[in-house]
1. Residue 166 fails exactly one of the following numbered conditions: (1) at pLDDT below 95; (2) closer than 30 Å to residue 17 by Cβ; (3) crowded, with 16+ Cβ neighbours inside 10 Å. What is the number of that condition?
2. Only one residue in 111, 102 is over 15 Å from residue 158 (Cα atoms) and within 14 Å of the chain's Cα centre (by Cα). Which one?
3. I want to confirm something. Restricting to the range 6-17 and keeping residues that are touching a residue at least 40 places away in the same chain (Cβ under 8 Å) and out of contact with any helix residue (DSSP H, G or I) (no Cβ under 7 Å at 6 or more places or on another chain), which single residue is nearest to residue 147 (Cα to Cα)?
4. Looking at the range 1-83, what helices (runs of 4 or more DSSP H) fall wholly within it and have at least 2 residues that are outside the structural domain of residue 154 (by TED's automatic domain parsing), buried (at least 20 other Cβ atoms within 10 Å of the Cβ) and more than 21 Å from the chain's Cα centre (by Cα)?
5. How many residues are free of Cβ contacts under 8 Å to residues at least 24 places away in the same chain and under 16 Å from residue 20 (Cβ atoms) if we restrict to the range 106-138?
């Protein structure tokens, strides 16, 4: 799937787009709007983005897992070579490292903006509405055509995969 990003400046436009997308078969699972005006989204019955869209929880948790596994492996090799503990400790050390890294990464991710929407930060802070539409490849042209034809006020601002790549994104705490 692909995520299409559109920016619009008013909630009424976002509401019309949401209704049209629903009529075209795009469910709330694949349509999200991010805005500072959460009350306006609620009053207009627009499916707002959740914390996983807004914050870098999943991305940072994945990075934390990778770092935790590396640390667990290093610790296991060090302990095994120094004390001669059996290789049975390897899975345990990897599991502990992965779980701790995942937990710590997710906590850190709650303090950072999602790396995929960071480029829209200024627009969102200015009171605009970021519309995210997840589409299958065979629906992409239809949705782009509809948006361009009927909603010229909604500016096409980018497209991306819905998958999260732990090796992409900005640098920071627990970021590789």
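1. The one condition residue 166 does not meet is (2).
2. Just one listed residue meets the conditions, 111.
3. The extreme case among them is 17.
4. Output list reads 57-83.
5. Total satisfying the criteria: 0.
The values are calculated or read from the model by the stated rules, or taken from the named source; none is laboratory data. Bear in mind that the values here come from a model prediction, so they are computed numbers and not experimental data. Note: ideal-geometry Cβ built from the backbone for every residue, glycine included; neighbour counts use all protein chains shown.
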